[in-house]
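The values are calculated or read from the model by the stated rules, or taken from the named source; none is laboratory data. Note that this is a predicted model, so its numbers are computed, not measured. Cβ coordinates were reconstructed from backbone atoms using ideal geometry, including for glycine residues, and neighbour counts include every protein chain displayed.
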Amino acid sequence: MSKNPPSTTASHTEAQLRSLLHLQRNFAPALSAQTAAQRKAKLDRMEAWLNKKENVRGLVAALQADFKKPEVETLTSELGVVLSHLRHVRSNLKKWMEPKKLPGALALTGITSYLYLEPKGSALIIAPWNYPFNLTLVPLVYAIAAGCTAVVKPSEMSPATTDFMRRMLDELFEEKEVKVVTGEGDTAAFLTTLPFDHIFFTGSPAIGKKVMAAAAKNLTSVTLELGGKSPAVIDRGVNQRKSAENTAWGKFFNAGQTCIAPDYVLVPEDMADSYVGELAASITRFYGEDPQQSDSLARVITDRHFQRIKALFDDAVAKGATVVCGGQFNAADRYIAPTILTDVTEEMDIMTEEIFGPLWPVVTYQDLDEAVAIINRRPKPLSFYIQSNNRQTINKLKRETSSGGLLVNEYLLGGGSPTVPFGGVNNSGIGKSFGYHGFVEFSNERAVMERKFLDLSVAYPPYTDKVVGLVRRIYGWL
């Protein structure tokens, strides 16, 4: 495991980055003219490369080097998700590219209207470190499908995976079409100032605001996949052991470093002790008595993130939180034990900042109105989770809250399905990705209207009484 991952150095000067964008913008018209079969051939090459055993082993090794990501989590949440999207896009691309006929209007008799999806042109993809392969390659798949060029900026915090992707994409594409750019945060910041046609950014709301501000200077469209404090509401009447296992899996997968991980859990006050006990027992079943020795638990990505999470823990304990289980920290290994905290109050930093790690505050509620109020006091989250067998409970929570996505009796799967749109709302994101929505994000929905018969000559000047009378009658049809 890398000691301090920010080790990838900038591979391009600012002049070279401008030149790269110029090269790709010049090539974009040729890509725009390519057929569905030509675009699908590129996806075929990507899948074939990823299906080679030596490349699968290389990806597993890279993520293990970056933050001890378990092989099962790499195969499911990284490689498996990318292959799922590749296959879905390939199966549907021809249909997506076809013009979409639009309904007519009586006042426009003789006009045929349709939508033609054309590539936006040059795309910039800025990816995070927590799922570095998945969150880089999935938007790239949709950019390629839409016919865009792409400059790809992976995270400097996962250098082994970045090197793996750079090697892959250099083998598969010429730089005039797809090019990986390495470097630290200042490289990404500079890229956002360039006149790309679209920027796809995945990261924190704080950085997302900076990306949007930079893009606004060029009127560049953006997709912002952000995050926030995604709540999980546990209802009375659930099978507590089954629910706790499901909830613990969703929280501690990737050591909690997931933008859609349940950030805090809301439990009815009268079942808090029993449910928290089941959560603690689930952690032991998953990771053993000493989770640091488990091969199933990833590590925190960098020393800086380790210290940030430790500070959240220290603040909560200092303000009265109780450590039910966990609470062990090893800076040398960047290990944080799966930790459950009770007696949590909303004044604690752990309830105001996105945790993005294996700390889990438990908050109690007396009735659903109180749970709704707690959720709605925070910015709209990327995901919202409900564990309930009661349809009235589910409907009330769905109706009275807002989030990018909602999962009932399951966790995380909204971030992996190629058929379900994914994205946040307000503070948790702008725009949707995955499936047809992902294709559209990198496309311009160009409205086309064609005159087939008749014309508007009866309403041309001069505006005589006859013309005025005719237009008055037509006006009623509009």
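Below, the figures for the structure above:
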item: Options 281, 255, 248: the member that is modelled with pLDDT of 95 or more, surrounded by fewer than 19 Cβ atoms within 10 Å (Cβ to Cβ) and not acidic (Asp, Glu); result: 281
item: Search result, residues across the range 401-416 that are over 23 Å from residue 205 (Cβ atoms) and touching a residue at least 24 places away in the same chain (Cβ under 8 Å); result: 409, 410
item: Residue that is out of contact with any Lys or Arg (no Cβ under 9 Å at 6 or more places or on another chain), part of a helix (DSSP H, G or I) and of a type in the set (Lys, Arg), where the choices are 45, 90; result: 45
item: Some residue of the range 106-118 being under 25 Å from residue 219 (Cβ atoms), modelled with pLDDT of 95 or more and crowded, with 23+ Cβ neighbours inside 10 Å; result: no
item: Long-range neighbours under 7 Å by Cβ, at least six apart or interchain, first residue without any contact (Cβ under 8 Å) to a residue 40 or more places away in the chain within the range 371-390, second in a loop (DSSP other than H, G, I, E, B) and not basic (Lys, Arg); result: 372/401; 376/401
item: Residue within the range 54-68 that is exposed (fewer than 14 other Cβ atoms within 10 Å of the Cβ), within 23 Å of the chain's Cα centre (by Cα) and in contact (Cβ under 8 Å) with a residue 12 or more places away in the chain present; result: no
item: Any chance residue 347 is in a loop (DSSP other than H, G, I, E, B), in contact with an Asp or Glu (Cβ under 8 Å, 6 or more places away or on another chain) and acidic (Asp, Glu); result: no
item: Checklist (1) among the polar types (S, T, N, Q); (2) surrounded by fewer than 11 Cβ atoms within 10 Å (Cβ to Cβ); (3) within 27 Å of residue 343 (Cβ to Cβ) applied to residue 464, failing item; result: (3)
item: Subset of the range 15-39 [hydroxyl-bearing (Ser, Thr, Tyr) and more than 23 Å from residue 86 (Cβ to Cβ)]; result: 19
